[in-house]
Amino acid sequence: MPPLLFWFLAALSIVAALGVVVQRNPVHCLLALVLTLISIAVLFIAQDAVVVGFLQVIVYAGAIMVLFLFVIWLLNLPAETGSTGRLAAKFVGAIGVAALLAELESFAMPARLQVKFSATHAAGYGSMEALAQALFAQYLIAFEVTSVLLLVAVVGAVALARRSTAAEIQQRAEQLARAEKAA
């Protein structure tokens with residue numbers, strides 16, 4: 001991969017990830033997350049991890065993001081309006097992020113100087129057969145538990161979205177009482 005393309009994709013994924021956090025509209029956050037996942041998938045494909053790259057696009061950018069979109073629509077989340085007014089919390093958060101980045105750089109710098117890359121892998125490493133064998137034989141229970149967990153999360157989101165508040169129940173009771181008096 002040409003270094004210029006790598007840096008472009010890396011910057012695109014970082015900017016899109018920041019867009020996930022900064023956007024006020026939940027659907028726009030979701031679209032920024034899709035862009036982040038696709039740019040990371042292209043980075044995987046460029047590093048000869050083709051199966052992982054395509055699975056990233058199919059599973060995460062495809063299926064999981066559609067699931068998130070349906071949950072957002074079911075919950076009918078409004079976009080935030082105005083500033084939250086927590087300037088001190090934002091300032092402390094920015095300092096915390098800067099400190100974490102500085103710490104990460106201090107740990108990564110010595111390791112970056114010592115890393116020696118080896119491009120030799122065992123035969124069949126990263127193939128679809130090896131992935132299927134690991135996923136459906138070695139990690140089958142974890143795979144199934146994850147799918148059940150996602151299903152429970154969607155059912156819980158729908159249940160929370162459809163739950164009536166006390167004011168709505170009172171309003172319905174009043175409407176029924178008026179309808180009975182009129183009849």
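The values are calculated or read from the model by the stated rules, or taken from the named source; none is laboratory data. Every value quoted in this text rests on a predicted model; they were computed, and no experiment measured them. Please note: Cβ atoms are built from the backbone with ideal geometry, for glycine as well, and neighbour counts cover all protein chains shown.
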- Residue satisfying all of: in the stretch 8-20; surrounded by 17 or more Cβ atoms within 10 Å (Cβ to Cβ) and aliphatic (A, V, I, L, M); farthest from W73 (Cα to Cα) among these: L9
- If you check Q114 against the conditions, is it among the polar types (S, T, N, Q), more than 28 Å from M65 (Cα to Cα) and at pLDDT 75 or above? no
- Counted residues in the stretch 21-70 being among the acidic types (D, E) and buried (at least 17 other Cβ atoms within 10 Å of the Cβ) come to 0
- Task: Working only within the stretch 31-46, note down all residues that are modelled with pLDDT under 90 and among the hydroxyl-bearing types (S, T, Y).
- Result: none
- Query: Among the candidates A99, A161, A94, which residue alone is modelled with pLDDT under 75, surrounded by 10 or more Cβ atoms within 10 Å (Cβ to Cβ) and under 30 Å from V22 (Cβ atoms)?
  - Reply: A161
